[in-house]
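The block underneath contains the structure these notes are about, expressed in structure tokens.
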Amino acid sequence: MKYKLIILLILSLFIGGNAFATELTAEQKKFRSSLQEFLKEEGFMPTIDDEDNSLNFKKEGTLYWISFGGTTPLYIEFHRSGLKCEDADKSLVLQAVNAANSKVRCAKAMFNDTSISFAIEMYCHSAEEFKYIFYKCMKELESIKDEVFEYYNGSSSSNESSSSTNNSSGLVSKFFPVYGITLGKSSSADIKAKGYTVKKDDDGDQMSDVNGLAFWDFNHDNIFEILYIVQSDALPERWLNLGVNWSLSYNQILNKLRSLGFTIIKTEGPTTKKYSGRNTLSATVQLKAPNENFTVELKFDYGNRDNEGYTVNSANSLYSMTFKIE
């Protein structure tokens, strides 16, 4: 039985059935066996589902499966865990599916009124041909799932923001969700259900690494209210589309955040100091979203080994960003 529960707002994971349930031919079994060995070599733990003869494996708690049919070239379906949406806004779900399908070229999101399934369908002449595109397929399946999540939850957040007198600027909904996680809303259960690990230290603080981004719960209310990232972390595409990136200078990043609606509430510096034999810019800036309990703290430090990043107009001086919902 393929089933995995995940809760994000009102969406939960649903794994639909496969197209193939008959006994595989010798050719199909050979193809499946070759892929099974490949997955083992790549560090996965593949299994065969006796109910439908598909090849199953997990990555970071997310279930994927591959089904086989036809003759050379074989017809292959590559699936990832889908979405159950019985209680969701169906018109918005359909919009999210259509938007995702228009942005992601290879994978497909399919809505059948109660659930969404994600799959890539293809014809393959050989297992080697499939191995060559295996990781690209996984990336596409993850991308289309994220597109559905972010469109649905982003639109929901925007609708909630527009109807709330306490959230008129809507900056939270501009920056979140990222990878399905919304700061100030997502709980440890939400994050665990999505397949990520939540760690708790001796003080009761909780942390989860979500696609390389560190989400924190410091006030122990089981809601993750802080996101801390450093220059080595890849920024979400959502933020890049807003024009926020690590290479912006001190003046550029402040101008960008102010243009988005933030106001500066505190500054320390900027000054120039020495670090590891090079000049670096040192500064801390706190900004707040009007009418929202949403703040951003920027820290400028360390510069880089090319001796850049030590003036307010230098690129690559930003070291960290901390986003917080009070």
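A short reminder: the numbers here are calculations on the coordinates, not readings from a lab. Every value quoted in this text rests on a predicted model; they were computed, and no experiment measured them. As a convention, Cβ positions derive from the backbone with ideal geometry for all residues, glycine included, and neighbour counts pool all protein chains shown.
Relative contact order, whole percent, for the chain stands at 12, derived from Cα pairs under 8 Å and 6 or more residues apart.
Packing, taken as the mean count of other beta carbons within 10 Å per residue, orders the peptides 134-146, 229-241 from highest to lowest as 134-146, 229-241. Cα centroids of the stretch 242-289 and the stretch 189-218: 27 Å apart. Toward the positive end of the charge dipole of the stretch 165-286, with +1 on the Cβ of Lys and Arg and -1 on the Cβ of Asp and Glu, the farthest Cα among Ser187, Asn251, Ser173 is that of Asn251. Kirkwood's formula applied to the C-alpha pairs of the chain gives a hydrodynamic radius of 22.0 angstrom.
Of the residues Tyr275, Trp216, Tyr196, the one whose Cα sits farthest toward the positive end of the charge dipole of the stretch 188-325, with +1 on the Cβ of Lys and Arg and -1 on the Cβ of Asp and Glu, is Tyr275. When the charge dipole of the chain is built from unit charges on Cβ atoms (+1 for Lys and Arg, -1 for Asp and Glu) and taken about the Cα centre, the candidate among Val97, Leu24, Leu242 whose Cα reaches farthest toward its positive end is Leu242. Tally Lys and Arg at +1 and Asp and Glu at -1 over the other residues with C-beta under 14 Å from the C-beta of Gly243: what net charge comes out? Result for the neighbourhood of Gly243: +3. Note on the chain: with charges restricted to the Cβ of Lys and Arg (+1) and Asp and Glu (-1), its dipole about the Cα centre is near 880 debye. Relative contact order of the stretch 12-157: 23 percent, from C-alpha pairs under 8 Å at least 6 residues apart in sequence. For the stretch 188-325, the Cβ-based charge dipole about the Cα centre amounts to some 520 debye (Lys, Arg positive; Asp, Glu negative; other atoms uncharged).
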